[in-house]
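Right, one structure below, let's go through it.
The values are calculated or read from the model by the stated rules, or taken from the named source; none is laboratory data. Remember, predicted model here, so these are calculated numbers, not experimental data. A quick note on method: Cβ atoms are made from the backbone with ideal geometry, for glycine too, and the neighbour counts reach across all protein chains shown. For the accessible areas, the whole protein counts, side chains as well, though only heavy atoms, and no ligand, DNA or RNA atoms are used. Shrake-Rupley method; radii C 1.70, N 1.55, O 1.52, S 1.80 Å.
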Amino acid sequence: MRKKLMLVAVMLTAFFNRTNACSWDDMDANYFNLFAQEIMADPRYRPFLLTLENRYFPSEALRNGNIEEWQNYLGLGYDDTRYLVFEAQRDDIQNLTKGKPVSDKKLAFATPEFAQRHKQTLLYIAYAKYLEPYMRIVPDETDDEYGYWAYADDYEHNAGDLDYDKVKTVLTRSWNAESDKELKLRYGYQLVRLAHYTRRFREAVQLFDQYVQPLGLKTEMYYYALSQKAGALRGMGQTEQANREFVRVFANSSDLKVTAYGSLTLGWNNDINFADFVKGAADDNERNDIYFMMGYSEFNNPTNEIAKIVANNPDAIQAKVLMVRAVNLIERNLLGEYYNRNAIEKVRYPFVRQEDEAEFRPFMNQTINLCDKQCNAASDKNFWHLASSYLHFLNQDFDVASESLSRVKSSDSLYMATVNDLTAYIDICRQPRLTAKVENDLFDKYNGIITSGGFIDHVLTNRYAMQGEKAKSFLVMNHLKDIEYNLHEPLLDEIQSFLKKKNKTSLEAYLVKTATSDMANPDKYLAYAKGVIRLTQGDLEDAKSFFSQQTRLKVSKRIFGHNIRVRYSAKETQIMRNDYIDEFAFIRDNMTEAEVTEALMQLQSIGEKNQGDLSAKAYYLMANFYYNVSLTGYFRHYLRFDNNNAYCYDKYSFDSQLYQNTLPLSVLYLDKAARTANDLELKAHIAFAAAKNMQQELESRVDRWDYKKVFSPEQFEAFEQYQGTDYYSDVITNCMYFSAFHNRR
C-alpha cells in the first residue's frame with residue numbers, strides 16, 4: 001500500500017509544489033484566493049483548507065467544542081466559560097468551592113449562588129487544572145513512534161512526575177461518587193489519559209471500557225477519551241485498530257480533527273489493506289472521512305477521493321472541502337506571479353506555462369468534469385454552480401462560466417460577494433480588446449473592483465501588453481518612479497506620450513492619477529531618467545539637455561577621482577583620491593548632474609586637443625568618472641536613482657539587466673589617455689586604472705567570492721613597469737590584489 005501512495009507522490013508533487021521552491025517566500029501571499037475557501041461553510045474542516053505557508057489553515061477564531069459543551073452545561077456565555085476552564089487560576093476556583101471571595105474581576109459571573117449550584121463542577125475543574133501541567137506522555141528514547149527526542153526537552157513536567165496510584169484513586173472515587181453522567185465522563189477521560197501518558201497502554205484501554213464506554217454519552221469529551229484509547233492501542237502495536245479509533249475521533253470530534261489526522265498512520269503500515277480498512281468503517285460518514293484524509297494528503301489528487309465521497313453522499317461536506325482545495329490548487333498555478341516573466345505580450349492571462357501543460361491540463365479537466373456532474377447530483381447546488389463557474393472562468397470558457405453563475409441563488413453574504421466579484425472578472429476578462437468605449441464601460445460598472453488592484457491589475461497589465469500599449473501596461477501596476485527598475489528609453493517615450501494624451505478614458509485618467517501621485521512634474525522626472533540613460537551611453541550633449549530640466553543629487557568633485565582600496569562604507573574623503581582634479585578649475589564640489597555633464601564635455605574637449613599630459617589627464621578623469629559610476633565604483637549609486645552606495649542586488653549585481661554598465665566607456669577613455677601621456681606618475685595612474693577595469697570584467701565572469709580567481713596576472717603586468725614611482729609604492733601598500741601578484745612573481 002505504501003508503495004502505491006508514494007508513486008502518486010512522485011507523479012503529482014512535481015507540479016503542485018512548484019510554488020514551494022523558495023522556503024523563505026510567503027507562499028500564501030502570491031495568489032489571490034478569488035474563490036474564497038471559507039465558502040464550504042463547516043468550521044470543523046477549516047484547518048484542512050489549502051495553505052502552503054503552514055501545515056494547517058489558520059483557525060484561531062474557531063470555537064472550541066469542549067468549551068461549548070461546558071457552556072451549555074453551566075449556562076454561561078462562551079467567553080466566560082472559556083476563561084473559567086482555560087485561564088482562571090486554580091486557587092481562585094478552589095476559593096469559589098469554599099464560598100470565599102476572589103479578586104479576579106473576570107470571574108464576576110461566578111456569584112456565590114453560581115458557585116454553590118456548580119460546586120461539583122468547580123471541584124472537577126480545580127483538579128483538572130492541577131493535573132494539566134503533567135499531562136504529557138512519559139518520554140521513552142527506545143520508542144521512536146512517540147518521538148522521544150521531540151518531546152523529552154519540550155516540557156517541564158510529564159505524567160511520570162505524578163503519584164500514579166494516588167491520582168488514580170482520587171479520580172476513581174470521584175467517578176463513583178458523581179451522579180452526573182457528564183462529570184463522570186470527564187473523570188473517566190482523566191483516568192484514561194493518565195494511564196496512556198504513563199505508558200500503561202493496556203490499562204488505558206481497560207479504563208476506557210470500564211469508565212467511559214458504559215456511560216453511553218457520545219459527546220465531544222467522549223471523543224477526547226477515545227483519542228487517548230487510540231493512542232494506547234498504537235502504543236500496544238495494534239496499529240489498524242488504533243487507526244479505526246482515530247478515524248472515529250476525526251469523524252465525530254470538533255476539536256480533535258487535526259490531532260486525529262496527525263496521529264493516523266494510515267498507509268504507513270504495509271500490513272493494513274486499505275480497501276478492507278474502508279469497508280470496516282462504521283458508516284458512510286466515516287468512509288467519507290477516510291477518503292477525505294487520503295485526498296487531503298499532499299501527495300494525492302483530491303478529485304479521485306471527491307468522486308468516491310459523492311458516490312456515498314452527493315452533499316457530503318468532505319467533498320466540498322476537497323473541491324475548494326482543488327480549485328485553489330488550480331488558481332495558484334494559473335494566477336501565479338511567474339506570468340509576467342514569460343509570455344505576457346503573447347498569451348492571454350490567466351494561462352498555464354507550456355512546460356506544465358501535460359501535468360496540469362488533465363487535472364483541471366478532471367476537476368471541471370467532476371464539478372459539473374455535482375451541479376446535477378447535489379441537493380445544495382449553489383456551492384457546485386459557483387465552483388463550476390469559477391473553474392470555467394479560469395479555463396476561459398466565459399459563456400459557460402456566466403451560465404453557471406446565473407444559477408447561484410443564495411442569500412449568504414459570502415456567496416453573493418463571490419458572485420458579484422466573479423461577475424466582474426468574467427466581464428472584464430472576456431473582452432477581446434480594451435478599446436476606449438470598453439474602458440469607459442468597465443470603469444463605470446466595476447470601479448470598485450478595478451481600483452482595488454490585485455487580480456484585475458494583472459489582467460489589465462497582460463491585455464495592454466498584448467495590445468502593444470506598453471505605457472498603460474506598465475502604469476497599471478507601477479508608480480511612475482518605478483521606472484528606475486525598468487529603465488528603457490522606448491518605454492519612457494511611450495509613457496511620456498501617454499501622459500500627454502488628450503481625452504483620456506476614465507480608466508486611463510485613473511491610471512495617470514495613481515501613477516503620478518506625489519510627483520510635482522512627471523515630464524521633468526522622465527527627462528531626468530533620459531539624462532541618466534544618455535550619460536551612461538556617453539551621449540553628453542543630450543544628457544546635458546535632459547539634466548537642464550531636472551536634477552536629483554549633488555556630488556563632490558571626487559566623482560572624477562579614484563580609489564586604491566575598496567570600502568564602500570568609508571567616507572569619500574577617506575577612500576577617494578583627487579589626483580589631477582584641481583588642475584581643472586571647472587570641476588567643483590556640489591555639482592548637479594547638469595554640471596557634472598558639462599565638466600565631462602570640457603574634459604573631452606581638452607582631451608581632443610592632443611595636448612600631451614594635459615589631454616591625458618582629462619581623459620583619465622573621464623575614465624575615472626565612468627569607472628566610479630559602474631557596478632563596483634564608489635559612486636555606483638549615482639546613476640541608479642539611489643542616495644548612497646549601499647548594496648542593492650537588483651541594481652549592482654553583474655546579472656542585473658536594469659542599467660547599462662559604464663565600464664566600456666572607462667576603458668575607451670583610458671586607452672585615449674595612454675596614447676598621449678608622457679609623465680611616468682600619470683602613466684602609472686592610467687595603468688592601475690586599466691588593471692581595475694580588467695578586475696571588474698573578471699568579476700563579472702567568475703565566482704566573486706573566490707578571491708583567487710578575481711584577478712589575473714595580465715592585469716598588473718603593465719603596471720609592474722612603473723616601479724620607482726610614488727604611485728607604485730602607494731598601490732603595493734594598499735592594494736591586496738597587486739601585493740599578492742607582486743609577491744608571487
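Determine the dipole magnitude for the range 457-594: charges of +1 sit on the beta-carbon of Lys and Arg, -1 on that of Asp and Glu, nothing else is charged, the reference point is the Cα centre, and the result goes in debye to the nearest 20.
Once rounded to the nearest 20, the dipole reads 300 debye.
Roughly how far apart, in whole Å, are the Cα centres of the range 720-736 and the range 238-254?
80
Carbon and sulfur: what percent of the chain's accessible surface (1.4 Å probe)?
Working: 16100 of 34560 Å².
That fraction is 47 percent.
Taking only protein heavy atoms and a 1.4 Å probe, what accessible area per residue, in Å², does the chain have with all protein chains in place?
Spelled out: the 1.4 Å probe surface of the chain, per residue, equals 46 Å².
Note down the nm distance, to one decimal, between modelled labels 7 Å out along Cα→Cβ at Asp539 and at Asp399.
5.1
Simple spin-label model, 7 Å along Cα-to-Cβ: Arg588 to Gln213 in nm?
About 9.8 nm, to one decimal.
Measure off 7 Å from each Cα along the Cα-to-Cβ vector at Ser411 and Lys524, then give the distance between these two points in nanometres to one decimal.
Distance between the two pseudo-spin positions: 6.0 nm.
So what is the diffusion coefficient of the chain in µm² per second by Stokes-Einstein at 4 °C and 1.567 mPa s, using a Kirkwood Rh over Cα pairs?
Estimated via Stokes-Einstein, D reaches 40 µm²/s.
Along the Cα-to-Cβ line of Tyr164, 7 Å from the Cα, sits a label point; which residues in the range 171-196 have backbone N less than 12 Å from it?
194-196
Assign unit charges at the C-beta atoms only (+1 for Lys and Arg, -1 for Asp and Glu), then state the dipole size of the chain relative to its Cα centre in Debye, rounded to the nearest 20.
500
For the pair Asn72 and Phe274, what calculated FRET efficiency results from E = 1/(1 + (r/R0)^6), where r is the Cβ-Cβ distance and R0 = 35 Å, to the nearest 0.05?
So the FRET efficiency works out to roughly 0.35.
How much of the calculated P(r) for the range 222-298 lies past 15 Å, in percent of all Cα pairs?
Percent of Cα pairs beyond 15 Å in the range 222-298: 49.
For the range 276-335, what size does the Cα cloud have along each of its three principal axes, sorted from largest down, in whole Å?
For the range 276-335, the Cα spread along each principal axis is 41, 23, 12 Å.
Using a 1.4 Å probe, how large is the accessible area of Ile449, given in Å² and rounded to the nearest 10?
Result for Ile449: roughly 30 Å² accessible.
Quick check: residue separation of Asp315 and Arg361 times 0.36 nm, minus the Cα distance between them. What number comes out in nm? Please report the intermediate quantities before stating the final value.
Numbers: separation 46, 0.36 × 46 = 16.56 nm, distance 2.65 nm.
Using 0.36 nm per residue and subtracting the Cα-Cα distance, I get 13.9 nm.
Can you give the direction-averaged projected area of the convex hull of the alpha-carbon atoms in the range 321-420, in nm²?
Computed as one quarter of the Cα hull surface, the answer is 7.0 nm².
Any chance you could list the semi-axes, whole Å, largest first, of the equivalent ellipsoid that the Cα gyration tensor gives for the range 101-250, using √(5λ)?
With the √(5λ) rule applied to the range 101-250, the semi-axes are 29, 19, 14 Å.
Within the P(r) computed for the range 468-551, what percentage of the Cα pairs occupies the region above 17 Å?
So the portion of pairs separated by more than 17 Å is 45 percent.
Between Asp457 and Asn486, what length in nm is gained on full extension when 0.36 nm per residue of separation is reduced by their alpha carbon distance?
8.6 nm
With unit charges on the beta carbons (Lys and Arg positive, Asp and Glu negative) and the dipole taken about the Cα centre of the chain, which residue among Asn440, Pro58, Val327 sits farthest to the positive side?
Asn440
To the nearest 0.05, how large is the calculated FRET efficiency for Ser700 and Lys504 if R₀ is 45 Å and r is the Cβ-Cβ distance?
0.55
How big is the accessible area of Glu53 in square angstrom, nearest 10, if you roll a 1.4 angstrom probe over the protein chains?
It works out to around 80 Å².
Using a cut-off of under 20 Å, list every residue of the range 595-617 whose amide N is near the label point 7 Å from the Cα of Asn678 along the Cα-to-beta-carbon line.
606-617
Taking every pair of distinct Cα atoms and averaging 1/r, then inverting, what Kirkwood hydrodynamic radius in Å comes out for the range 390-474?
Over the range 390-474, the inverse of the mean reciprocal pair distance is 13.7 Å.
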